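Below is one structure, written out as structure tokens; comments come after it.
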Amino acid sequence: MDVILIITYVSVVVFIISVLVRFVRISKLPTHLRWELYPVAHEKGRASYGGSYLEEREWWTKPRESSRAGELKVMIPEILLLAGVWEHNRKHWLRSFPFHFGLYLLAGLVGLLLVGGIASAAGASVSAEGGAVGQALYHVTYAVGYAGLVLGLLGALALLGRRMFNADYREYTKKGDYFNLAFFVLTFAVALMAHGVADPDFAGLRACFERLVTFDVSSAPDGSTWQMGGLTAVEILLGSLLVAYIPLTHMSHFFTKWFTYHHVRWSDEPNLPGSQIERQMTEALQYPVSWSAPHIRGDGKKTWVDIAMAGVEENGE
Amino acid sequence: MTKKRIKVEDISKPSEKLSELRKEDFKPLPPPFDTPEATPDFAPLSEAAREKYEVSLDDTIAVSIPKPKDKAEEDELVAKFLSGLEKLFTKEDNWTFLQPLLLSMEHCAACHTCSEACHIYEASGENPIYRPAFRSEVFRRLYKKHVKSKGGLLQAWRDGEIELNWTTVARLAELSYRCNLCRRCAQTCPIGVDNGLIAHEIRKLFSQELGIAAKELHDDGSVLQLKVGSSTGMSPLVVKDNIEFIDEDVSEKTGLKIETPWDKAGAEILLIHNAGEIMSWPMNPGAFGVIFEVGGVSWTMSSEIAGYDSINYGVWYDDFQLARVAIKHAEAAKKLGVKKIVLGECGHAHKALTVIADRVLTGDLNIPRESCMVTLEDLIFSGRIKVDPSRNDFPVTLHDPCNLVRLMGVVEPQRRIIRHIAPRFREMEPHGVHNYCCGGGSGFAIMSGHNFNDWRHQIGGRKKLEQILNAFKDELDPSIRKYVCTPCSNCKGQLRDLFVYYDLWEKHSILYDGLVELIANCMTDVKPDFIEWEWH
């Protein structure tokens, strides 16, 4: 059995489960009080200057106009180009953008290798000599792969350097953060070396993906525990472990950012009579309270609404 | 002398003072305030204060926490802090903000983008303890060590070092009151981490578990309001008397017969002022009376407890006090059967009742709330109020209260009015949702104990002063009267004190006041010269 491919499967499973568990946990937290922050991107006709529906006279009598396109207009440059960091922290952007864009390209590389692996398994030739589609896939994989690895490596090195040599950053950097960046540097460096030395056109990696998508985890004919070359094996091993590791850390912000924007910063849904929010609030107001300050005196039995309606005098202030 | 570097873990190390505030480190102000003598000296804390209170954070105190008598008392307070820390992360005790808090606890990448956005960090000359991420990182490490992972082999390696002791607790309490909660930093965070929220939650922990809060906000603020009716101490009887005086004054001043309606059942609008206006800026409620009467509005004020004072200090430090006051406001409106509540010129009252308490007001307490900016815009542009903009022929700029603008999105109504009635209007830079806090946000405008006044004017309000001076930079000549339109009572409180501190009226004839005063000043139905330039 090819141990490297088994580790890859396990890593993918860990990644998916970690993301799902975190996503569900955050989703199941109670609906909170409103805490929006303007500009709110979906405010139709108002997002450009940060206005809200509260600028309307008797807003509660009018339909709220929300714009999905407005959200995309903000989110796409924010995600792809790190527009906020560009605007507010240009020096950091110079380091952070190559790193993140490199990661996006490498995510694209994984997609291309999956498609290439499936195509190869189906008998198509993905190479410089193949058909038009095979050729395109080959060349795009080549370009995306090297660009992603080079950008990712440079970005990770630049971020690591900033955290090591700039005192403002160093004082906020934990040992674990150094480990995280070093993990990226090592993975990207090994991958570049693997492709520079042993697998210059990603054909070896594509062959691994072909085996992954066909669930061919058999050992090599000579009985060794993996079939690919040594450097490629280390590349896959490190890449797999990194994939499993990311969602277990604060780097899970790659998907939790969806919550900070849509559930907090842009969450401007009013509590209208009969709405779902009102039903959720009615439930939350019944939670027992145990805060101990003299003006609250929660005993774990009195509910939130009991205390809010009681006033301060009943609580001994 | 180079500035001292302060690490996050240093907060736990007992010393006389974690950080020193030196005037020469602060960001220079624009001319003519760019000389050291233009800024008053930062008064040292008195010996009595040093003896009695915990003063080891910086050179001032806002919360005034008494020093524990002995080690046993220290330990007890630390234990209470820990108990509150745990409660803050349970859905039963903190459903109100648990999701945003956890998101901010888990995902900071320490990129320091927030620091650039913070007026306090900038004005202090980049004092490390005022970096928005400093207090958050202290709190994050405490949470991860004592709540999330409860120690463990890799915990310090992964999350950083921190020690929980009385020094940490006392300094953290004070540090939560070195933030205006303006959330400008959160606007710039690429991940959506909200350091303003974390400061807010720390304040809540101290208030809701240890009963520790700034006296001006709790004892003299929300508690007084719930007992007497207003944090100003005005009972219903007194407020009615005061408004009667204001009606008389404003009638004489305008030539109109103004009589504020009280407790008029079935009125369309319940108008709730920040009662501070009635006490300190009586021409503000007076101008509202004039505008509403001339505009033919069906309105009333309420003499119920808290029904005549829109302030809600709970929004800055305590969810239960927030809810209690919001419920009183809603009950007053419900009793009168009004169609809507209109909030007067008070930013935090706007946000507290319209946005933050929105989800607490369920059932028949969910009475619609509207900003007075919107109501006033409608009155002017519907033609019910006639104006002559030439009466406002002086330089005007607009301060954007954070709570009304950045945190509520009410940006343009007040601008449309000002552009219409003030021909020499110019924006501050930056403005709108990117504007800077006045320095009085989160309760600081009413906090002047010990030498905190020096802190809020030399650090908190420094950026706003710079913005105002820049807005009028070509017309600083004292022969030209200038007007900073400030449609928020707390911001006005801060600007009043800031202007006195730097002598802005005497030196440059810069006056602050509200939007309604500017409107009344140009109403053709009103005698000219409503604005009282000599009253400042």
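Would you say B:Ala267 is touching a residue at least 24 places away in the same chain (Cβ under 8 Å), over 17 Å from B:His329 (Cβ atoms) and not charged (D, E, K, R)?
Spelling it out, it is not the case that B:Ala267 is touching a residue at least 24 places away in the same chain (Cβ under 8 Å), over 17 Å from B:His329 (Cβ atoms) and not charged (D, E, K, R).
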Any hit, region B:108-120, residues being in contact with a Leu (Cβ under 9 Å, 6 or more places away or on another chain) and either buried (at least 21 other Cβ atoms within 10 Å of the Cβ) or not in a loop (DSSP other than H, G, I, E, B) (or both): no
Considering residues of region B:66-102 that are of a type in the set (Val, Ile, Thr) and surrounded by fewer than 21 Cβ atoms within 10 Å (Cβ to Cβ) only, the residue nearest to B:Asp194 (Cα to Cα): B:Thr90
Complete set of residues in region A:182-205 that are at negative phi and either outside the structural domain of A:Ala147 (by TED's automatic domain parsing) or in contact with a Phe, Trp or Tyr (Cβ under 9 Å, 6 or more places away or on another chain) (or both): A:Phe183, A:Phe184, A:Leu192, A:His195, A:Pro200, A:Asp201, A:Ala203
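For (1) in a helix (DSSP H, G or I); (2) basic (Lys, Arg), each residue gets a yes or a no:
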| residue | (1), (2) |
| --- | --- |
| B:Cys438 | no, no |
| B:Ser448 | no, no |
| B:Glu466 | yes, no |
| B:Lys473 | no, yes |
| B:Asp477 | no, no |
| B:Asn490 | yes, no |
| B:Leu495 | yes, no |
| B:Tyr512 | no, no |
| B:Asp529 | no, no |
Cβ pairs under 6 Å, 6+ apart, first in region A:63-92 and over 15 Å from B:Cys114 (Cα atoms), second surrounded by fewer than 16 Cβ atoms within 10 Å (Cβ to Cβ): A:Glu65/A:Lys44; A:Ser67/A:Lys44
All positions within region B:437-457 that are buried (at least 24 other Cβ atoms within 10 Å of the Cβ), farther than 19 Å from B:Ala213 by Cα and more than 12 Å from the chain's Cα centre (by Cα): B:His457
Qualifying position, being more than 28 Å from B:Ala173 (Cβ to Cβ) and either within 14 Å of chain A (Cβ to nearest Cβ) or surrounded by 23 or more Cβ atoms within 10 Å (Cβ to Cβ) (or both), among B:Trp281, B:Trp262, B:Trp316: B:Trp281
Residues that are among the aromatic types (Phe, Trp, Tyr) and either without any contact (Cβ under 8 Å) to a residue 12 or more places away in the chain or within 14 Å of chain B (Cβ to nearest Cβ) (or both), drawn from region A:142-201: A:Phe165, A:Tyr169, A:Tyr172, A:Tyr178, A:Phe179, A:Phe183, A:Phe184
Qualifying positions in region B:152-170 - polar (S, T, N, Q) and touching a Pro at 6+ places or on another chain (Cβ under 9 Å): B:Asn165, B:Thr167
Filtered residues of region B:27-44 (kept if outside any helix (DSSP H, G or I) and surrounded by fewer than 16 Cβ atoms within 10 Å (Cβ to Cβ)): B:Lys27, B:Pro28, B:Pro30, B:Pro31, B:Pro32, B:Asp34, B:Thr35, B:Pro40, B:Asp41, B:Ala43, B:Pro44
Among the candidates B:Ser310, B:Ser371, B:Ser298, B:Ser303, residue that is of a type in the set (Ser, Thr, Tyr), in contact with a helix residue (DSSP H, G or I) (Cβ under 7 Å, 6 or more places away or on another chain), surrounded by fewer than 23 Cβ atoms within 10 Å (Cβ to Cβ) and under 29 Å from B:Asp525 (Cβ atoms): B:Ser303
Selection count, region B:80-128, where residues are within 11 Å of chain A (Cβ to nearest Cβ) and either closer than 30 Å to A:Phe99 by Cα or of a type outside the set (Ser, Thr, Tyr) (or both): 34
Residues satisfying the stated conditions in region A:82-96, i.e. crowded, with 20+ Cβ neighbours inside 10 Å and either more than 14 Å from chain B (Cβ to nearest Cβ) or of a type in the set (Phe, Trp, Tyr) (or both): A:Trp93
Filtered residues of region B:354-395 (kept if without any contact (Cβ under 8 Å) to a residue 60 or more places away in the chain, assigned to a helix (DSSP H, G or I) and not small (Gly, Ala, Ser)): B:Thr354, B:Val355, B:Ile356, B:Asp358, B:Arg359, B:Asp364, B:Leu365, B:Val374, B:Glu377, B:Asp378, B:Phe381
Residue ID - surrounded by the most Cβ atoms within 10 Å (Cβ to Cβ), chosen from residues in region B:11-26 that are outside any loop (DSSP other than H, G, I, E, B) and not small (Gly, Ala, Ser): B:Ile11
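The values are calculated or read from the model by the stated rules, or taken from the named source; none is laboratory data. All figures in this text were calculated on a predicted structure; none of them were measured in a lab. Counting neighbours? That spans all protein chains shown, and the Cβs are built from the backbone with ideal geometry, glycine included.
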